[in-house]
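See structure below.
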Amino acid sequence: MRAAHVDVDRVTAPAFALADELSPGAGAWHAHRRHQLLFAAEGSMRLELEEGVWVLPPRRAALIRARVAHRVDVDHASSLRTIYWAPRFAPAPRADCAVFAIDVLAREMILHAMRWPPREASRDASGRRFLRVLIELAHARATNALPMHLPPPRSDELRRALSIVHARLGDPLRAAEVARGAGMSERTLARRMEVELSLGFRDYLHAARMLRAMERLAVPGTRVAEVATELGFATPSAFTHAFARFAGETPRDYSARSSATVLHTAGSPTRRKTG
């Protein structure tokens, strides 16, 4: 829930912006009758939907469709900037959730949009025009969604297996070992992963490690070598190569960009627990 007690669905403006400062913790499950554009201005967040978990790294954005239940989870204090719009105002996102990279133009437009919170947006036609252009730009950027998603298990057996994986991401895990720990055969584990996740064991493990690395590297002061060791890589260079192939940039560049401070934060941010 929003600490400032803004009921998003009762706002009369067809589109508006809100700035939030999030405290560590897991937010409550909720859904809005409006579509959302979320921008992680500072800090890394997890977006949890029924369809799985998306990582929203710093300086990335996400689109979430209206009426899709979700919650936001953060490990460290984070800054979130959100644009809400009614379905009649602009087109809906193409997917329930998509995380994507944005350029300098889109970033500055999102930060500039914070001058149109609910009350101002209700009476400012120029603000509504600006928000519509920003939403169109976000739709265009979202066509190149990033691989920030881990699909959810549906069976109890696979849920037990993946809990072992996430608890031991730094260990040299083998599928047979995880299967035994979850009380199933290696063949059953492979079948469950293919049917429920459309991923093999090694691909899922690699994606889980890379997404964990993104969360860790978003914390200021975290060293690349430290994360490489935590995730079981033999050398920092091996980790750097794997991370760059997955994220499209080196962990050092990602960490430096993630730790940078946003200077233009127009609007009055709300300090709240996630939700």
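Measure nothing fancy, just the Cα-based angle from helix 156-167's long axis to the longest principal axis of the chain, in degrees from 0 to 90, nearest 10.
90 degrees
Run the Debye formula on the Cα coordinates of region 167-262, all scatterers equal and no solvent, and tell me log10 I(q)/I(0) at q = 0.12, 0.17 1/Å.
Log-scaled intensity ratios, in q order: -0.45, -0.77.
At most 16 other Cβ atoms within 10 Å plus a DSSP loop assignment makes a site exposed; report the longest stretch of the chain without any exposed GluC sites (Glu not before Pro).
After excluding every exposed loop site, the longest remaining stretch is 52-248.
Rg over Rh of region 217-261, using C-alpha atoms and the Kirkwood radius, what does it come to?
We get a ratio of 0.95 for region 217-261.
On average, how much area does the Cα convex hull of region 186-228 cover when viewed from any direction, in nm²?
3.5 nm²
Farthest toward the dipole's positive end in the chain, which of Phe246, Ala17, Ala95, given Cβ charges of +1 (Lys, Arg) and -1 (Asp, Glu) about the Cα centre?
Sorting the options by dipole projection puts first Ala17.
Output the 0 to 90 degree angle, nearest 10, between the alpha-carbon long axis of helix 201-217 and the longest principal axis computed from the alpha carbons of the chain.
Roughly 50 degrees between the two axes.
Val53's amide H: which non-local residues (gap 5+, or another chain) put their own amide H closer than 5 Å, with H modeled 1.01 Å from N in plane and none for Pro or chain starts?
Leu150
What is the dipole size for region 1-100, taken about its Cα centre, with +1 at each Lys and Arg Cβ and -1 at each Asp and Glu Cβ, in debye to the nearest 20?
440 debye
Just to check, using Stokes-Einstein with a Kirkwood Rh over alpha carbon pairs, what's the diffusion coefficient of region 126-220 at 20 °C and 1.002 mPa s in µm²/s?
Using the Kirkwood radius from Cα pairs, D works out to 138 µm²/s.
Using a 1.4 angstrom probe on heavy atoms only, work out the carbon and sulfur share of the accessible area of the chain in %.
51 percent
Given +1 on the Cβ of Lys and Arg, -1 on the Cβ of Asp and Glu, and no further charges, what dipole in debye does region 121-253 carry about its Cα centre, rounded to the nearest 20?
In debye, rounded to 20, region 121-253 gives about 300.
Consider the candidate values (i) 68, 45, 28; (ii) 62, 36, 32; (iii) 69, 47, 33; state which one is Cα extents along the principal axes in Å computed from the structure displayed.
Computed from the coordinates, Cα extents along the principal axes in Å corresponds to (ii).
What would the Debye formula give as log10 I(q)/I(0) at q = 0.11, 0.12, 0.16, 0.20 Å⁻¹ for the alpha-carbon point model of region 14-93, no solvent?
The Debye formula, applied to the Cα set alone, gives -0.26, -0.31, -0.55, -0.87.
Which whole-number value in Å³ per residue fits the convex hull of the alpha carbons of region 14-162?
Enclosed volume per residue, from the Cα hull, is 109 Å³.
Determine the calculated [θ] at 222 nm for the chain from helices alone, applying -39500 (n - 2.57) to every DSSP H run no shorter than 4 residues and normalising by the residue count; nearest 500 deg cm²/dmol.
After summing the helix terms and dividing by the residues of the chain, the value is -12000 deg cm²/dmol.
The values are calculated or read from the model by the stated rules, or taken from the named source; none is laboratory data. The structure presented is a predicted model; accordingly, all values stated were derived computationally and were not measured. No Cβ is skipped: glycine too gets one built from the backbone with ideal geometry, and neighbour counts run over all protein chains shown. Accessible surface areas use protein heavy atoms only, side chains included; no ligands, DNA or RNA. Shrake-Rupley method; radii C 1.70, N 1.55, O 1.52, S 1.80 Å.
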